[in-house]
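Structure first, commentary second.
The values are calculated or read from the model by the stated rules, or taken from the named source; none is laboratory data. Here the structure is a predicted model, which means the values were calculated and not measured. A quick note on method: Cβ atoms are made from the backbone with ideal geometry, for glycine too, and the neighbour counts reach across all protein chains shown. Note: accessible area is taken over every heavy atom of the protein model, side chains too, but ligands, DNA and RNA are not part of it. Shrake-Rupley method; radii C 1.70, N 1.55, O 1.52, S 1.80 Å.
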Amino acid sequence: MFVRTATRKNKNGTTVRYLQLAHNEWDPIAKAAKMKVLHNFGREDQIDRAAVERLVGSLCRLLDPGRAAALTSGAELTFIGSTAYGGVYLLDQLWRQLKIDTILTRILASTRRSVFTERVLFALVANRALDASSKLAASHWVGRNAHIDGLPACSDDACYRAMDWLHQVQDSVERKVFDQVATLLNLEVDLLFFDTTSTYFEIDEPDEPIARDGRGVPLPDLDPENGDGDGDGDG
């Protein structure tokens, strides 16, 4: 399918060009391809450009967004790639309106952690809302399938480190976010709901207590009956 140009000369010597949408069809009787006009756009200087743009837009919706952009961009432009932004942008605005970015940034200021930790945590939230996947898959999602302001790329290690830190400051973050939401919506809270996994197991006896340090990391086993904790088994 192609755009065909037909030229006609007027009596006064001027030339008028007409545009047609045409394609070639095989004629089994003549055993040759013959051109068939599908649509007449009319005179080139009087063409309804708005109608042509609508047609091009309709056809582009049938293509991959990246491919459509490559075909419709000017010759001076080189198409590199495309990422989704609409959903991420909306969530980022809500994130900022609730001041979650400010809450996390202030807590991060007292640590040696990267300021990008807040952006990584937002990326994980956005991924769960828009394209739920594992932390490893989410790290590939950032920058490739979705644009995150302030975070051009992400690694799975950064995701795990950000989540580890969030668990450490969970209580403080939850209180500050709750205070912010309650103030924003002017709520009087009488009942709280919490989310839990749909399937879990319980046993009659509690687990044996595990000694942990101040950060919640299990301490090595120093029981004399089990060795000195260095793995050689010699007391």
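For the range 163-180, how many residues are in contact (Cβ under 8 Å) with a residue 24 or more places away in the chain, of a type in the set (A, V, I, L, M, F, W, C) and open to solvent by 90 Å² or more (accessible area, probe 1.4 Å)?
Matching residues across the range 163-180 total 0.
Go through the residues of the range 167-176 one by one and say whether even a single one is charged (D, E, K, R) and at pLDDT below 85.
no
For the range 107-146, name all the residues that are of a type in the set (D, E, K, R), open to solvent by 30 Å² or more (accessible area, probe 1.4 Å) and either closer than 16 Å to Met163 by Cα or without any contact (Cβ under 8 Å) to a residue 60 or more places away in the chain (or both).
Arg112, Arg113, Arg128, Asp131, Lys135 - these are the residues of the range 107-146 that are of a type in the set (D, E, K, R), open to solvent by 30 Å² or more (accessible area, probe 1.4 Å) and either closer than 16 Å to Met163 by Cα or without any contact (Cβ under 8 Å) to a residue 60 or more places away in the chain (or both).
What are the residues in the range 1-39 that are farther than 24 Å from Val52 by Cα and not in a strand (DSSP E or B), if any?
Asn10, Lys11, Asn12, Gly13, Thr14, Pro28, Ile29, Ala30, Lys31
One line per residue, one yes/no per condition, for (1) over 23 Å from Ala182 (Cα atoms); (2) at pLDDT 95 or above; (3) in a helix (DSSP H, G or I):
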residue	(1), (2), (3)
Asp92	no, yes, yes
Thr105	no, no, yes
Val115	yes, no, no
Val120	yes, yes, yes
Arg144	yes, no, no
Ala153	yes, no, no
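Considering only the range 105-160, how many residues are aromatic (Phe, Trp, Tyr) and under 13 Å from the mean Cα position of the chain (by Cα)?
The total comes to 2.
Yes/no per residue for (1) modelled with pLDDT of 80 or more; (2) touching a Ser or Thr at 6+ places or on another chain (Cβ under 8 Å); (3) over 28 Å from Ala84 (Cβ atoms); (4) of a type in the set (Lys, Arg):
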| position | (1), (2), (3), (4) |
| --- | --- |
| Lys9 | yes, yes, yes, yes |
| Ala32 | yes, no, yes, no |
| Lys36 | yes, no, yes, yes |
| Leu62 | no, no, no, no |
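Which members of the range 97-144 meet the condition of being of a type outside the set (D, E, K, R) and in contact with a strand residue (DSSP E or B) (Cβ under 6 Å, 6 or more places away or on another chain)?
Once the filter is applied, which keeps residues that are of a type outside the set (D, E, K, R) and in contact with a strand residue (DSSP E or B) (Cβ under 6 Å, 6 or more places away or on another chain), the range 97-144 yields Ala123, Val142.
Let me confirm something: among Thr5, Thr78, Thr15, which residue is more than 30 Å from Phe122 (Cβ to Cβ), modelled with pLDDT under 85 and in contact with a Lys or Arg (Cβ under 6 Å, 6 or more places away or on another chain)?
Thr5
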